[in-house]
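A short worksheet on the structure shown next.
The values are calculated or read from the model by the stated rules, or taken from the named source; none is laboratory data. Keep in mind the model is a prediction, meaning the values are calculated, not measured. Please note: Cβ atoms are built from the backbone with ideal geometry, for glycine as well, and neighbour counts cover all protein chains shown. Note: accessible area is taken over every heavy atom of the protein model, side chains too, but ligands, DNA and RNA are not part of it. Shrake-Rupley method; radii C 1.70, N 1.55, O 1.52, S 1.80 Å.
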Amino acid sequence: MKRQGVVGMLGVLLASAWFAHAAFAAETFKVAVMDQQAVMEKSVAGKRALEEMKSYSMTRQKIVSADDQELKDMELALQDPNSKLSEQAKQEKQEQFRAKLEAYQRRLGDFNREVQQKQREMVMEYAKKIAAAAQAVAQKEGYQAILDKGSDNMVRIVLYYQPALDVTDRVVKEFDSQNK
């Protein structure tokens, strides 16, 4: 019986030591979460970058829309039953239409690649800037890690967190102070 009591006491001591260690470790290891997308959307510099990207895309879209309208007008003219064009003139117009359509498709592909490239560059640039702001917040507030909580549109890295752990607003403020 004494042996069981000693083993039991030893077990209690080990469990207490483990809990004390776990409690101590929990106090010294601070983790926070943030939403990178929200930092982009809420920060002054992020909003400005998103507006520039939107403006860049809209400029390209206007050019594409004008080309699209020109192609529609040409197609309607070619299909007009009241057209008094000779057969040779119709063929020339059809060839012009095909050439414009090919140029339109090339331009559309080029514009899409340009916009995607510009978006990738912006994302890479701002991801670095957001990481620097998050690092500054972590150093100021004693966090060992700040995780991106993700969003419904993206892969969620953090499945659960207590709202008090969210430092997104503090990262936005730091981001704005670093990127005036």
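The residues neighbouring residue 156, those whose beta-carbon lies less than 15 Å from its own, together hold a net charge of -3 under the Lys/Arg +1, Asp/Glu -1 convention. The mean sequence distance of close C-alpha pairs (under 8 Å, at least 6 residues apart), as a share of the length of segment 29-168, puts its relative contact order at 53 percent. Pairs of lysine residues in segment 42-107 that meet both criteria, 8 or more places apart or on different chains and Cα atoms under 21 Å apart, total 10.
Here residue 162 and residue 113 are evaluated by their C-beta separation; at R0 = 45 Å the FRET efficiency comes out at 0.55.
Rounded to the nearest percent, how much of the accessible area of segment 31-174 (1.4 Å probe, protein heavy atoms only) is carbon and sulfur?
Details: 5140 of 9960 Å².
Carbon with sulfur: 52 percent of the solvent-accessible area.
Note on segment 82-172: Rg/Rh from Cα positions, Kirkwood definition for Rh, rounded to two decimals, is 1.44.
Taking each residue as 0.36 nm, the span from residue 53 to residue 173 lengthens on full extension beyond its C-alpha to C-alpha distance by 41.0 nm.
Annotation: for a label point projected 7 angstrom from Cα along Cα→Cβ of residue 64, residues of segment 86-120 with backbone N closer than 16 Å are 101-120.
Using only the Cα atoms of segment 114-158, build the gyration tensor, take square roots of its eigenvalues as a ≥ b ≥ c, and label the shape rounded, prolate or oblate: rounded if a/c is under 1.5, else prolate if a/b is larger than b/c, else oblate. Oblate. For residue 76, the accessible surface of its heavy atoms amounts to roughly 120 Å² (probe 1.4 Å, protein chains only, rounded to the nearest 10). The H on the amide N of residue 146, modeled in the peptide plane, is under 5 Å from the matching H of 32, each at least 5 residues off or on a different chain.
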